[in-house]
1. In region 178-191, is there at least one residue being within 16 Å of the ligand (Cβ to nearest atom) and at pLDDT below 95?
2. Just to verify a result, which residue in region 119-176, among those that are within 13 Å of the ligand (Cβ to nearest atom) and at positive phi, is most open to solvent (accessible area, probe 1.4 Å)?
3. Among the residues of region 95-104, is there at least one that is farther than 19 Å from H197 by Cβ, small (G, A, S) and touching a Ser or Thr at 6+ places or on another chain (Cβ under 8 Å)?
4. I'd like to check something: does region 93-105 contain any residue that is of a type outside the set (D, E, K, R), more than 11 Å from the ligand (Cβ to nearest atom) and open to solvent by 10 Å² or more (accessible area, probe 1.4 Å)?
5. Any chance you could count how many residues in region 32-88 are part of a loop (DSSP other than H, G, I, E, B) and more than 10 Å from the ligand (Cβ to nearest atom)?
6. Given the structure, is P111 surrounded by fewer than 16 Cβ atoms within 10 Å (Cβ to Cβ), in contact with a Phe, Trp or Tyr (Cβ under 8 Å, 6 or more places away or on another chain) and not hydrophobic (A, V, I, L, M, F, W, C)?
Amino acid sequence: MALVPYVENPLPALSKLHSASAQFRFADHELRLSQDWKKLGVAAVVWDAAVVMCMYLELGEVELKGKAVIELGAGTGLVGIVAALLGAAVTITDRQPALEFLSANVKANLPPDTRGSASVSELSWGQGLDLYPAGGFDLVLGADIVYLEDTFVPLLRTLEHLCSDATAVLLACKIRYARDTDFLGMLRQRFAVEEAHYDQQRDIHIYKAWKLPPREDL
Ligand SMILES: C[S@@+](CC[C@H](N)C(=O)[O-])C[C@H]1O[C@@H](n2cnc3c(N)ncnc32)[C@H](O)[C@@H]1O
């Protein structure tokens, strides 16, 4: 059964999601990500948001060298892999059923001397957050993780836990439904949010966010 069924009857335009692999060149490396839509659904295909995020990271506008980075909802792991290749120490996370496939992709695409810079672990939003250091990351990355209304509150709680006031959050988003902008509204209650990049061809927005100081409600 698919982890999170997203498109029951995919259109031909989505056929690239049904290929057994997707290939890219990022950070001077040829990358080949295995895909398995039938078995694992949305977590086992590379989404455009991940590709645009990698293109943005390559621009060098966000410092990655030596930074502690965590990726949420990593799926195939493309973003975390590219962040590691660009010099970050990356914790690449997803829900438990996605981890075996994710780990295999990470292992297959990182050269041995970079493998130590990436670890794969379970993070189901809002759960077991104590396993991750509060405010312990320089950068939180998420590509196409804003799409399930039920997850908005736990996702926000996860971001609040992981971020200090010095942590930057980068979310690559495809805005498909009005509810997706609802999440941005929720995010703006706790974080300062700006659009850092827009890829017109793929219609992907990259939002950058920083935690706001705690509100002193009267
Ligand atoms: C649309 S896919 C994006 C995958 C990858 N980031 C990409 O852009 O190629 C959404 C990802 O979020 C993960 N996800 C969904 N709900 C989640 C939850 N409650 N906790 C953690 N991850 C979740 C899915 O397993 C999936 O990997």
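1. Yes - at least one qualifying residue is present in region 178-191.
2. The extreme case among them is G128.
3. Yes, region 95-104 has at least one match.
4. For region 93-105, residues of a type outside the set (D, E, K, R), more than 11 Å from the ligand (Cβ to nearest atom) and open to solvent by 10 Å² or more (accessible area, probe 1.4 Å): present.
5. Within region 32-88, the subset part of a loop (DSSP other than H, G, I, E, B) is 35-36, 45-47, 60-67, 73-77, 86-88.
From what's left, more than 10 Å from the ligand (Cβ to nearest atom): 36, 60-67, 86-88.
Residues meeting the conditions: 12.
6. In short, no.
The values are calculated or read from the model by the stated rules, or taken from the named source; none is laboratory data. Remember, predicted model here, so these are calculated numbers, not experimental data. Here the Cβ is made from the backbone with ideal geometry for all residues, glycine too, and neighbour counts use every protein chain on show. Just so you know, the surface numbers come from the protein's heavy atoms only, side chains and all, with ligands and any DNA or RNA stripped out. Shrake-Rupley method; radii C 1.70, N 1.55, O 1.52, S 1.80 Å.
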